[in-house]
1. Taking the dipole about the Cα centre of the chain, with the C-beta of Lys and Arg at +1 and of Asp and Glu at -1, give me whichever of Tyr64, Ser35, Phe80 is farthest to the positive side.
2. List the extent of the Cα atoms of region 16-102 along each of their three principal axes, largest first, rounded to whole Å.
3. Among Ser117, Leu160, Ile8, which residue has its Cα positioned farthest towards the positive end of the charge dipole of the chain, with +1 placed on the Cβ of Lys and Arg, -1 on the Cβ of Asp and Glu, and the dipole taken about the Cα centre?
4. Describe numerically, in nm with one decimal, the distance between label points set 7 Å from Cα along Cα→Cβ at Gln135 and at Glu119.
5. What is the dipole size for the chain, taken about its Cα centre, with +1 at each Lys and Arg Cβ and -1 at each Asp and Glu Cβ, in debye to the nearest 20?
6. Once the other residues with Cβ under 15 Å from the Cβ of Asn43 are scored (Lys, Arg +1; Asp, Glu -1), what is the net sum?
7. Between Leu175 and Glu110, what is the spin-label point distance in nm, taking each point 7 Å from the Cα along the Cα→C-beta axis?
8. Region 36-116: which GluC sites (Glu not before Pro) are DSSP loop and have at most 15 other beta-carbon atoms within 10 angstrom?
Amino acid sequence: MAVGLKYIDETDKCYGITGMVVAMMVWENESMLTSLSLDSDDNENIVFSHEFFVEGNPRISPKYTWNKIVEHYKIMMQMFVSNVMCRHCVLHRKAITPQLKQLIYRHLEEEGCNNCSLEKDEVKELFEQYYSSSQRLFSHAGVQQVVNQFAETVQSSRNLSREQILHHLQALNRL
């Protein structure tokens, strides 16, 4: 079966979840991570802390709210790109095809334009930055070793708390 955006099996899902968690660690957003569950629905595998969510409040300025929405869009972009990159580069040892890269970008462009009111060139710039960073990250032999070990842990444990995640991924800090 061709590797694309959808998970092809449980191992593929473990690597996707791992990619997202590694992205949160590398881009220093781990404080927003509460736990993960392999058995949850695909869009609910990672549980975020309350600080991740933007709540409407008439006393908060619209600019502040918009900045938070854009900040969270960036985190989601990092996670999405890292999910696909980790599965392809580490698990399947394949390069991402130009067609798949374009598919990822189109999905993120639509999200950024519709939900964040970003211009296409702003989305493109962010995407290229995160894409190239993720490509370097998941090409690193040391990161691949940590990723393989963590994906096995996800598959065997099924559920991990924030503390367990941080413990298992502390090796990333030494790379």
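1. Positive-most Cα among the choices belongs to Phe80.
2. The Cα atoms of region 16-102 stretch 50, 29, 23 Å along their principal axes.
3. Toward the positive end, the furthest listed residue is Ile8.
4. Placing both labels 7 Å along Cα→Cβ, they lie 2.5 nm apart.
5. 400 debye
6. Taking every other residue near Asn43 into account, the sum is -3.
7. For the pair Leu175/Glu110, the computed spacing is 3.2 nm.
8. Glu55
Rule-based calculations on the coordinates, nothing more; no lab input. Everything quoted here is computed from the prediction, not taken from an experiment. Backbone-built Cβ (ideal geometry, glycine too); neighbour counts: all protein chains shown.
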